[in-house]
1. Quick one: how many residues across the stretch 92-128 are open to solvent by 70 Å² or more (accessible area, probe 1.4 Å) and outside any helix (DSSP H, G or I)?
2. Test L199 against the stated conditions and say whether it is open to solvent by 70 Å² or more (accessible area, probe 1.4 Å) and at pLDDT 95 or above.
3. Going through the stretch 208-226 one residue at a time, which ones are out of contact with any helix residue (DSSP H, G or I) (no Cβ under 6 Å at 6 or more places or on another chain) and either among the β-branched types (V, I, T) or under 16 Å from I167 (Cα atoms) (or both)?
4. Just need a number here: residues in the stretch 175-189 that are in a helix (DSSP H, G or I), touching a helix residue (DSSP H, G or I) at 6+ places or on another chain (Cβ under 7 Å) and either over 22 Å from F153 (Cα atoms) or of a type outside the set (A, V, I, L, M) (or both).
5. Tell me, yes or no, whether the stretch 38-53 has at least one residue that is part of a helix (DSSP H, G or I) and among the acidic types (D, E).
6. Of all residues in the stretch 72-89, which are under 17 Å from the mean Cα position of the chain (by Cα) and either at positive phi or buried (at least 18 other Cβ atoms within 10 Å of the Cβ) (or both)?
7. Among the residues in the stretch 78-91, are any in a helix (DSSP H, G or I), among the charged types (D, E, K, R) and free of Cβ contacts under 8 Å to residues at least 24 places away in the same chain?
8. Of K193, K173, which residue is at pLDDT below 95 and under 29 Å from L61 (Cα atoms)?
Amino acid sequence: NVVPEENVSTKFRNLMYASIESFSTDTLLAIRQAIRIQNLAKDSFDLLENQFLIKLRELKLTPGEYEKTALEIISLLELNEDLITKPKGEFEQLNLWKNAIESKGIYVLELGFNNEEAKGFAIFDKIAPVIVLNTNDSPKVRIFTLLHELSHFLLQTDAIDDNESLINFTDNKIETICNYLAGSVLVPSSYLKNKLITLQLNPQDSTEEVIEVLSRVFNISMQVILRRLYIQDYIEKNVFQTLQRKLREYYLNSKHEKK
């Protein structure tokens, strides 16, 4: 295996070495490339702190404020409901979020590595923060990973995220907060309510159909839509759990068929 160069934060280095034995060469090379680009960027920025990160740091991160915080993040990214829900392809949607984040001085890299090992990672830095997405994932998965990693920057933390941490199969408090924030930004509660009303959708009567429609509207995975409907009390817990298992089985079967 190729050990990445060491000029990186202590926190990220500790994360990296905690899993380094299980990482393939491709994953380690992706980490190394991200670290190298961050170092080059820091040299060119003359130690000026990223202004967008300063604004993120000022946002409230208490549980009752997450939905409001999500709208503030969207505003800071200079996006709105029309731009986010305008009909477009999934790669266009990925580029919408990616360009908005990159315009704020955050480097977003898309590299190919083993997506069983990592879906993406975030290397926090006050001057040149870097997010890495995995090109072996679908655009919709990459979109969620992107916003999940951005959420780590609100907490000023680094991350190497795998599938378990991105779908709430974890007890890690930080990962749970990042998942909630990512979902809230991608499908804000007010936007969700507006679409249910204007499209005359009833999640309780035809949950699966509603999930499919909203997945197309927001250009995000059905898993994200399902969780947002549950968090916003549009569906009962037993319905959520049943459909969550169904979607997870579908995901695992699809992955098996691709192999």
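The values are calculated or read from the model by the stated rules, or taken from the named source; none is laboratory data. Since we're looking at a predicted model, the values are computed, not measured. Glycine also receives a Cβ, built like all others from the backbone with ideal geometry; neighbour counts cover every protein chain displayed. Remember, those area values only see protein heavy atoms, side chains included, never the ligands or the DNA or RNA. Shrake-Rupley method; radii C 1.70, N 1.55, O 1.52, S 1.80 Å.
1. 4
2. Values: open to solvent by 70 Å² or more (accessible area, probe 1.4 Å): yes; at pLDDT 95 or above: yes.
Against the criterion (open to solvent by 70 Å² or more (accessible area, probe 1.4 Å) and at pLDDT 95 or above), L199 qualifies.
3. Selection gives V210, V213.
4. Matching residues across the stretch 175-189 total 7.
5. Step one: filter the stretch 38-53 for residues part of a helix (DSSP H, G or I), giving 38-44, 51-53.
Those left that are additionally among the acidic types (D, E): 43.
Checked the stretch 38-53: at least one residue is part of a helix (DSSP H, G or I) and among the acidic types (D, E).
6. If the condition is that a residue be under 17 Å from the mean Cα position of the chain (by Cα) and either at positive phi or buried (at least 18 other Cβ atoms within 10 Å of the Cβ) (or both), then I73, I74, L77, I84 are the ones that fit.
7. Applying the first criterion (in a helix (DSSP H, G or I)) to the stretch 78-91 yields 81-85, 90-91.
Okay, now just the ones that are also among the charged types (D, E, K, R), so 81-82, 90.
So of that shortlist, the ones also free of Cβ contacts under 8 Å to residues at least 24 places away in the same chain come out as 82.
The answer is yes, given that some residue of the stretch 78-91 is in a helix (DSSP H, G or I), among the charged types (D, E, K, R) and free of Cβ contacts under 8 Å to residues at least 24 places away in the same chain.
8. Values: K193 fails: at pLDDT below 95.
Exactly one of K193, K173 is at pLDDT below 95 and under 29 Å from L61 (Cα atoms), namely K173.
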